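**Q** Submitted below is the structure of interest, expressed as structure tokens.
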Amino acid sequence: MKNKFFGISARIYAIVALAALSLIILSETLVRFAVSNAYQMREQHLSDVTDTAIGILIDLETQVQAGKLSPDQARAEGARRLTALRFDTSGYFYVLDHKGVIQVHPTMPDWIGTSQLGYTDPYGKKLFVEMIEVAKTAGSGKVIYHFKKPENETPEEKIGFVRDFAPWGWIVGTGSYVTDITAALAYLRNASLIAMAVALVALGGAATALARSVTGPFGAVNDRMRQMTAGDTESPVPCTNARGEVGEMAQALEVFRASLAEKAELERQRRDQEAEIARAGAQARDREEALRRREQEAEAEAQRAEAARQAEREAERQRTEAEREAQMREQMNVVSALARGLQALSAGDLTA
């Protein structure tokens, strides 16, 4: 019964959890799609404005081919026009050649004429090396890196776009900071999280109400069954007049309650008999234990008496031995003194 009751609640909450998980996955998928779409649109915009810059160079190259401008004049004019060309609020163009030498850069004039192949952004990316590689392999493409704004020293993430202009060996590039994209996506993600939180709370409340309406009667009958198992066979069984499965379960439980009451009485009688047998057995064990202790005490007393006798005999032996040794030492002293006297007499000492 307990497993069944738990299973009903678990299934209800499992459905809610599955719905919540689906909402989370859907929301994250939509946010990721929005991120990808925003970056693709920004890349397309950069590609379009780069085409405008390339169009200026194509026009100048046409004039070179027509003899109206020399190659150097065309390059100088192209550098001037690209330096002045702007788009959006702060968009600009820069140019480098395939050796990494900067030809045009409105915000970094000190770079012009220098190789920037070794330049890295704050995360170690050699962005000009990657730009040259993109231009060589694909002719055009994006490079994502970090760069500082003209009015700000803190590097920010930027989408760069480069296109190769083969006639001059130039690589025309531009870029756009993605602060606005990240801010919009952060707002979208926060709104999504709030919406999901509200939806989860609503789902949780609905699941709780449903679980209680379905499992409440089952829970009451289940609690009464546990009380019976614990020994309460007197309290009434709830829901015996209910219709459906709950009423049938309660009626069956009432029959079970009567059986438990009879079983409890038989169990009480059995416990009384077992208790009496246990008391008799305990008394017998106590008598055996007392007898065993007396036997042990008598044996210990006998051992102590024997040890005392052995100690007395040993002391007597040691006294006898000591007296015998004393007599032997005394005899040895007498013999030694007599021997010295006889030696003196034999030597003519009559005073010895």
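The values are calculated or read from the model by the stated rules, or taken from the named source; none is laboratory data. Keep in mind that this is a model prediction, so the values were computed, not measured. Reconstructed Cβ throughout: ideal geometry from the backbone, glycine too, with neighbour counts over all protein chains shown. Note: accessible area is taken over every heavy atom of the protein model, side chains too, but ligands, DNA and RNA are not part of it. Shrake-Rupley method; radii C 1.70, N 1.55, O 1.52, S 1.80 Å.
**Q** For Ile144 and Ser346, calculate 0.36 nm times their separation in residues minus their Cα-Cα distance, and state this gained length in nm to one decimal.
**A** Values: separation 202, 0.36 × 202 = 72.72 nm, distance 13.21 nm.
Length gained, Ile144 through Ser346: 59.5 nm.
**Q** Using a 1.4 Å probe over the heavy atoms of the protein chains, calculate the carbon and sulfur portion of the accessible area of the chain as a whole percent.
**A** Working: 13160 of 22730 Å².
Within the chain, the accessible surface is 58 percent carbon and sulfur.
**Q** Using 0.36 nm times the number of residues separating Ala166 and Ala183, minus their current alpha carbon distance, what extension gain do you get?
**A** Values: separation 17, 0.36 × 17 = 6.12 nm, distance 3.75 nm.
Full extension from Ala166 to Ala183 adds 2.4 nm.
**Q** Next question. Please compute the Kirkwood hydrodynamic radius over the chain, one decimal place, Å, based on all pairs of different Cα atoms.
**A** Values: mean 1/r = 0.0301 Å⁻¹.
One decimal place: 33.3 Å for the Kirkwood radius.
**Q** Here's something else I'd like to know. At a 10 angstrom cut-off on C-beta neighbours, averaged per residue, how do the peptides 293-304, 175-186 rank from highest to lowest? Let's see the in-between values first.
**A** Values: 293-304: 10.0, 175-186: 15.5.
Those peptides, ordered most packed to least, come out 175-186, 293-304.
**Q** Just to compare against my own numbers: the Cα pair-distance distribution for segment 56-126, 5 Å bins, whole % per bin, please.
**A** 3, 15, 19, 21, 19, 12, 6, 2, 1, 0
**Q** Then there is this: Just the projected area, averaged over all directions, of the convex hull on the alpha carbon atoms of segment 281-352: how many nm²? Before the final figure, lay out each step's value.
**A** Details: hull surface 23.6 nm².
Quarter of the Cα hull surface area: 5.9 nm².
**Q** Next question. Kindly state, to the nearest 0.05, the FRET efficiency for Arg11 paired with Glu274, given R0 = 56 Å and r defined as their beta-carbon distance.
**A** Values: r = 45 Å, r/R0 = 0.80.
The formula returns an efficiency of 0.80 here.
**Q** Leaving out ligands and nucleic acids, and using a 1.4 Å probe, what accessible area per residue does the chain come to in Å²?
**A** In whole numbers, the chain has 65 Å² accessible per residue.
**Q** If you average 1/r across every pair of different Cα atoms in segment 157-293 and take the reciprocal, what Kirkwood value do you get, in Å?
**A** Kirkwood hydrodynamic radius for segment 157-293: 23.6 Å.
**Q** Could you quote the convex hull projected area for segment 11-151, Cα atoms only and averaged over all directions, in nm²?
**A** On the way: hull surface 50.2 nm².
For segment 11-151, averaging the hull's shadow over all directions gives 12.6 nm².
**Q** Any chance you could count the Lys pairs in the chain whose alpha carbons are under 24 Å apart, treating pairs 8 or more apart or on different chains as valid?
**A** Taking the chain as the scope, the lysine pair count is 21.
**Q** Here's a follow-up. Taking the chain as a Gaussian network, where each spring joins two C-alpha atoms under 10 Å apart, which residue of Thr208, Thr174, Thr154 fluctuates the most?
**A** Checking each option, the largest mean-square fluctuation is seen for Thr154.
**Q** A further question follows. At most 11 other Cβ atoms within 10 Å and a DSSP loop assignment: could you name the GluC sites (Glu not before Pro) in segment 219-286 that fit?
**A** Glu234
**Q** While we're here: Binning at 10 Å from 0, report for segment 250-301 what percent of all alpha-carbon pair distances ends up in each bin.
**A** The calculated distribution, bin by bin, is 22, 22, 18, 15, 12, 8, 4, 0.
**Q** At 7 Å along the Cα-to-beta-carbon direction for both Lys68 and Glu133, put a label point, then send me their distance in nm to one decimal.
**A** Result: 4.0 nm between the two label points.
**Q** How far, in degrees from 0 to 90, does helix 179-229 lean away from the longest principal axis of the Cα atoms of the chain, to the nearest 10?
**A** For helix 179-229, the angle is close to 40 degrees.
**Q** Would you compute, from DSSP H runs of 4+ residues alone, the mean residue ellipticity of the chain at 222 nm, taking -39500 (n - 2.57) per run and dividing by the full residue count, rounded to the nearest 500?
**A** Numbers: 5 runs with 244 residues, N = 352.
Theoretical 222 nm ellipticity from helices: -26000 deg cm²/dmol.
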